[in-house]
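A short write-up of the structure that comes next.
The values are calculated or read from the model by the stated rules, or taken from the named source; none is laboratory data. This structure is a prediction, so every number in the text was calculated from the model and none was measured. Neighbour counts run over all protein chains shown; Cβ positions are idealised from the backbone, glycine included. Areas reflect the complete protein model, heavy atoms only, side chains present, ligands, DNA and RNA absent. Shrake-Rupley method; radii C 1.70, N 1.55, O 1.52, S 1.80 Å.
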Amino acid sequence: MFGLAAVTLSIASFYMDLLLIGKIIGYIPPILLTNVELGKDIMGILAAAILTMTTFTFSTVLVVLTTYSSQFSPRAPENFVHGQTTRTILGIFLGGFAYTSLSLLFMQDKTFGHEVLTPSIGILIGFICVGAFAYYIHFVSSNVQVTALVNKLTTDTEDVIFKYRKLQEENYVSMDKWEPGSKKNTVTADSEGYVQFIDLVSLVKFAEKKDIEIEVVVKTGDYIYKDEPIIHIHKNKIENKDLSDFYNIGSERTVEQDLGYAVQKLIEVAIRAISPSLNDPNTANDILLRVGRLLGEMGKLKTHGWVMTDSKDYKRVLYDFSSYKTILYETFYQISKYGNDDISVLAYMTDSLKGAAKSAPSMRHESLWEIQKYILDGLDCTEMKKMDRDYLQQKIDDLADMTKQKRIDLITKEET
């Protein structure tokens, strides 16, 4: 878009100098006008300068990508590259180079018999590019910090939770037991990849319009193969339907609807932080506290087996949303393995579950306590220092009290 705008502006500037400036030259301040020879020199210098800034910017992007991949997570760079700021800055530079290069091409001695205004516009664009370059340096230096990345990933997860909550509130999602009709027509995948998006709202409207029942047999984030079933259409009279407009399959997972992937990216940063190469458990602990709050918000969602009804309260779509226990397990099963040697990480995993228990409904407390017991499985607490064991024991006791479960003795692993 910036490139097309620059080409359009360059052509408009050319015709303005050719057809208009000669007639109103007396009304334009002389300082803004230059002869063609000087204008060519100015545009040539600007084009070279903008190209240099563009090259440096691309190099900076590559450095940031390397930093993100090596220190944070291989899946974190997309948050930087796909960001609006990065695309806008690169667009400004490419547009500036396109304008100055084309204007240099259009500026011929035989074409103009008077001074021109195009170089002044080029200088203004050059100032804009310099300002964008200075801002981008500040932007990169701020966003390369792990705190900025964690905040971004947390916000992405909050957005996914908000979308699901809004979807449940506005589209009559229930967890009733329901099995669609026995006769069905299966819609299979045309390609292999991750399920990136499923338009459940449109599916409900489509099912109401066609008077059919739809069973979605995959979840967002699932990896499926070609010809694998995606949707079952239940109706007395079987009809072949193309429902490819209601879902999207791609080569990568995305966070638009994939709640598990949004949390996974946060946990991956935490796991990388406690690796021997970085040895930064405080970053992992900070992430665990944020994850706890997010898990509490997820606990408010209806999970495992959505039944969506239409405007007439007829059951139309069945979607197997991940259960809350599955979400908890996929959140902690990796970090509980790699963090079991660090007492602070163990303690903050319990703090994370405590944070979830504070905001999650009471019906989720048993699942939270089961995950705590899972984290303790295989952990030899007898080799811990006494103060470390007492510190962890106190936090686990607090979680047991919050969830109204029996306490566990860390040494004997027996409930008390």
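For this structure, a couple of remarks:
- Inside the range 215-242, residues that are more than 11 Å from Asp190 (Cα to Cα), at pLDDT below 85 and not polar (S, T, N, Q) make up a count of 6.
- Inside the range 24-38, residues that are assigned to a helix (DSSP H, G or I) and modelled with pLDDT under 85 make up a count of 8.
- A count restricted to the range 383-416 and to residues that are assigned to a strand (DSSP E or B) and open to solvent by 50 Å² or more (accessible area, probe 1.4 Å) stands at 1.
- Flag if Gly355 is in contact with an Asp or Glu (Cβ under 8 Å, 6 or more places away or on another chain), assigned to a helix (DSSP H, G or I) and not charged (D, E, K, R): no
- Just so you know, in the range 24-54 the residues that are hydroxyl-bearing (Ser, Thr, Tyr) and open to solvent by 80 Å² or more (accessible area, probe 1.4 Å) include one that is farthest from Cys129 (Cα to Cα), and it is Tyr27.
- Hits in the range 7-23 (condition: open to solvent by 70 Å² or more (accessible area, probe 1.4 Å) and either among the polar types (S, T, N, Q) or over 48 Å from the mean Cα position of the chain (by Cα) (or both)): Thr8, Leu19, Leu20, Lys23
- Only one entry of Leu346, Leu295, Leu318 meets the criterion of being out of contact with any helix residue (DSSP H, G or I) (no Cβ under 9 Å at 6 or more places or on another chain) and either of a type in the set (S, T, N, Q) or crowded, with 16+ Cβ neighbours inside 10 Å (or both), and that entry is Leu318.
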